[in-house]
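The structure appears right after this line, and notes come after that.
Throughout, read-outs are computed from the coordinates displayed, never taken from laboratory work. Quick caveat: nothing in here was measured; it's all calculated off a predicted structure. Every residue, glycine as well, gets a Cβ built from its backbone with ideal geometry; the counts of neighbours run over all protein chains shown.
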Amino acid sequence: MSELPGDLLYTSEHEWLRRENDGSVTVGVTDHAQSALGDLVYVELPEVGQDVDSGGDMAVVESVKAASDVYAPIDGSIVAVNEELADDPEKINADPYGDGWIVRIQPNESIDESALMTPDTYQELLDQEDA
Amino acid sequence: MGSKTPLYDKHAEAGARIVDFGGWDMPLHYGSQKEEHHAVRKRAGMFDVSHMTIVDLRGERVRDFLRNLLANDVAKLQVHGKALYTCMLNEQGGVIDDLIVYFLGETWFRMIVNAATRDKDLAWIRKHAKGYDVEADERAELAMIAVQGPEARELAATCIDAQWREQALALKLFTGMEAGDLFVARTGYTGEDGWEIVMPAEKAPAVWDQLLAAGVAPCGLGARDTLRLEAAMNLYGSDMDESVLPLEAGLSWTIAWDPDDRDFIGRGPLEALRADSTKQRFVGLLLEDKGVLRNHQRVVVEGVGEGEITSGGFSPTIGRSIALARVPAGDYESAQVDVRGKLLNARIVKTPFVRNGQIRIDI
């Protein structure tokens with residue numbers, strides 16, 4: 001069973017968000033997502049400074065099996081990308097909520113948490129998918 | 001819920017991720033597809049291939065029948081147990097399936113065909129067998145395990161009864177033998193040495209456990225696909241199907257043109273294309289840029305035309321992306337591939353990419 005950190009928010013597309021002290025938001029894919037994808041072999045990252053729209057493509061993670069889009073969970077602009085993924089995409093498999101983070105976004109406006117999922121609601125989604 | 005092989009419970013026990021494959025519930029991987037891939041290249045791995053269809057063909061005229069049915073020529077099979085890789089074509093020369101046929105006696109040949117094409121294969125075989133009084137008997141009660149890798153035969157030898165073991169280890173490439181109620185053949189789909197072992201279904205779980213105890217790694221369909229891609233072995237349904245002639249899928253070597261009076265199904269259209277210098281090439285691609293090549297991506301050859309990737313993926317052995325592609329005729333050494341709207345640079349390379357643990361292309 002995937003572990004779900006309690007201090008994160010989640011999306012139905014299997015991304016997680018962490019609100020940082022400086023107001024930015026770190027985004028990655030969940031343990032469930034990395035496990036479903038299998039061994040990652042390539043990550044296509046956005047440019048720093050690029051604007052992203054909630055629900056729009058932002059990055060691509062490719063595993064031995066398939067390519068999968070990573071969607072922006074909020075409106076904002078990219079302030080950092082995890083450059084280490086270029087040489088070591090398997091960091092996402094090994095540590096999806098830590099070293100496997102993908103981007104940091106500076107939100108355009110205050111985050112509408114009602115559009116995101118708490119750990120409990122995301123867990124319910126996973127339970128449904130397993131059923 | 002799909003069909004289950006006799007080894008399904010073994011896969012579930014081992015924590016396999018199960019996927020549907022041609023109507024069968026099969027293991028995709030048991031944790032890490034890449035590690036399974038490397039296990040086969042460096043040591044030994046095993047695959048449950050019991051979903052594949054085994055058909056025994058018996059009759060006085062079975063050899064004549066197969067010389068008509070198959071594009072390769074079973075006249076080459078003169079030594080007991082000898083195997084031949086071949087396509088079975090339709091009247092238009094399109095590939096109905098690719099298969100291995102074994103010579104087990106003047107009145108008995110065995111074919112192993114793909115799982116996803118089972119129904120149409122059996123219908124086609126039986127339709128044509130009638131005229132030769134040949135019986136096609138599907139052996140659904142048999143299971144099959146492929147043990148592959150440089151140490152595969154040595155580790156798997158413990159599964160063979162002592163009285164047959166030495167003879168099994170002495171099998172030449174592409175040859176099989178009966179060993180009690182097992183059938184062992186030195187064949188595979190990975191580019192490594194190894195065996196494919198056919199056995200009664202009820203025996204399969206015990207053989208699987210024995211191989212596991214010997215240190216053979218369970219491997220799923222994911223690793224099977226990356227291994228066969230590195231070995232540049234075609235996959236039916238991806239690299240060729242009924243709309244593709246073998247000459248457009250890198251399979252010219254499997255066509256037996258001689259003797260030129262052998263009338264096999266599909267020969268006419270093949271002869272016509274054989275002489276056509278504008279026919280498409282089937283090539284290996286190595287991606288020079290970062291990214292991953294995937295099936296159906298568009299290949300662009302500037303000033304020449306466009307083609308398509310038929311099998312693409314990441315090569316764990318090379319650490320880069322590779323592909324098989326059908327591309328326009330012409331003399332050129334590089335191409336570009338449309339990956340999500342960006343044109344990435346690829347080099348045309350001579351396949352196989354990897355064989356017997358060694359990278360065979362310049363990287």
Open item on the list: Just checking, does the stretch B:301-323 include any residue being away from chain A (no Cβ under 14 Å) and either of a type in the set (Lys, Arg) or closer than 26 Å to A:ASP87 by Cα (or both)?
Closed with: no
Task: Residue selected from the stretch B:164-185 under the condition in contact with a strand residue (DSSP E or B) (Cβ under 6 Å, 6 or more places away or on another chain) and not hydrophobic (A, V, I, L, M, F, W, C), by the criterion surrounded by the fewest Cβ atoms within 10 Å (Cβ to Cβ) - done: B:ASP181
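Answer with yes or no whether A:SER54 is polar (S, T, N, Q) and more than 14 Å from chain B (Cβ to nearest Cβ).
Details: polar (S, T, N, Q): yes; more than 14 Å from chain B (Cβ to nearest Cβ): yes.
Judged against the criteria, A:SER54 is a match.
Inside the stretch A:75-111, can you point out the residues that are without any contact (Cβ under 8 Å) to a residue 24 or more places away in the chain and not in a helix (DSSP H, G or I)? Give the derivation first.
From the stretch A:75-111, those without any contact (Cβ under 8 Å) to a residue 24 or more places away in the chain are A:84, A:87-88, A:91, A:94-95, A:98-99, A:110; that's our starting set.
Scanning the stretch A:75-111 gives A:ASP87, A:ASP88, A:ASP95, A:GLY98, A:ASP99, A:SER110.
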- [ ] May I ask you to list the residues in the stretch B:309-346 that are surrounded by fewer than 16 Cβ atoms within 10 Å (Cβ to Cβ), part of a strand (DSSP E or B) and charged (D, E, K, R)?
- [x] B:ASP338, B:LYS342
- [ ] Given the conditions (1) surrounded by fewer than 23 Cβ atoms within 10 Å (Cβ to Cβ); (2) in contact with a Pro (Cβ under 9 Å, 6 or more places away or on another chain); (3) assigned to a strand (DSSP E or B); (4) not polar (S, T, N, Q), report the number of the one that B:ASP56 does not fulfil.
- [x] (2)
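Residue-by-condition table, conditions (1) aliphatic (A, V, I, L, M); (2) on the phi > 0 side of the Ramachandran plot; (3) not in a helix (DSSP H, G or I):
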position	(1), (2), (3)
B:GLY15	no, yes, yes
B:ILE18	yes, no, yes
B:PRO27	no, no, yes
B:GLU36	no, no, no
B:ALA39	yes, no, no
B:SER50	no, no, yes
B:VAL79	yes, no, yes
B:ALA83	yes, no, yes
B:GLU91	no, no, yes
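How many residues does the stretch B:106-130 hold that are over 30 Å from B:GLN210 (Cβ atoms) and in contact with a Phe, Trp or Tyr (Cβ under 8 Å, 6 or more places away or on another chain)?
Selection size over the stretch B:106-130: 3.
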Open item on the list: Please pick out the residue among B:ALA115, B:ALA123 that is free of Cβ contacts under 8 Å to residues at least 12 places away in the same chain, of a type in the set (A, V, I, L, M, F, W, C) and not in a strand (DSSP E or B).
Closed with: B:ALA123
TODO: Scan the stretch B:22-33 residue by residue and report those that are in contact (Cβ under 8 Å) with a residue 12 or more places away in the chain and within 13 Å of chain A (Cβ to nearest Cβ).
DONE: B:PRO27, B:LEU28, B:HIS29, B:TYR30, B:GLY31, B:GLN33
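Given the structure, is B:ASP289 surrounded by fewer than 17 Cβ atoms within 10 Å (Cβ to Cβ), within 14 Å of chain A (Cβ to nearest Cβ) and either of a type in the set (Val, Ile, Thr) or outside any loop (DSSP other than H, G, I, E, B) (or both)? So that I can check it myself, show each step before the final result.
Numbers: surrounded by fewer than 17 Cβ atoms within 10 Å (Cβ to Cβ): yes; within 14 Å of chain A (Cβ to nearest Cβ): yes; either of a type in the set (Val, Ile, Thr) or outside any loop (DSSP other than H, G, I, E, B) (or both): no.
Against the criterion (surrounded by fewer than 17 Cβ atoms within 10 Å (Cβ to Cβ), within 14 Å of chain A (Cβ to nearest Cβ) and either of a type in the set (Val, Ile, Thr) or outside any loop (DSSP other than H, G, I, E, B) (or both)), B:ASP289 does not qualify.
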TODO: Give the stretch B:129-163 a look and list any residue that's in a helix (DSSP H, G or I), crowded, with 17+ Cβ neighbours inside 10 Å and either over 21 Å from the mean Cα position of the chain (by Cα) or not basic (Lys, Arg) (or both), or say none.
DONE: B:ALA129, B:TYR132, B:ALA152, B:LEU155, B:ALA156, B:ALA157, B:CYS159
Task: Matching residues in the stretch A:46-74 - criterion: being crowded, with 20+ Cβ neighbours inside 10 Å and of a type in the set (A, V, I, L, M, F, W, C) - done: A:VAL52, A:MET58, A:ALA59, A:VAL61, A:VAL64, A:VAL70, A:ALA72, A:ILE74
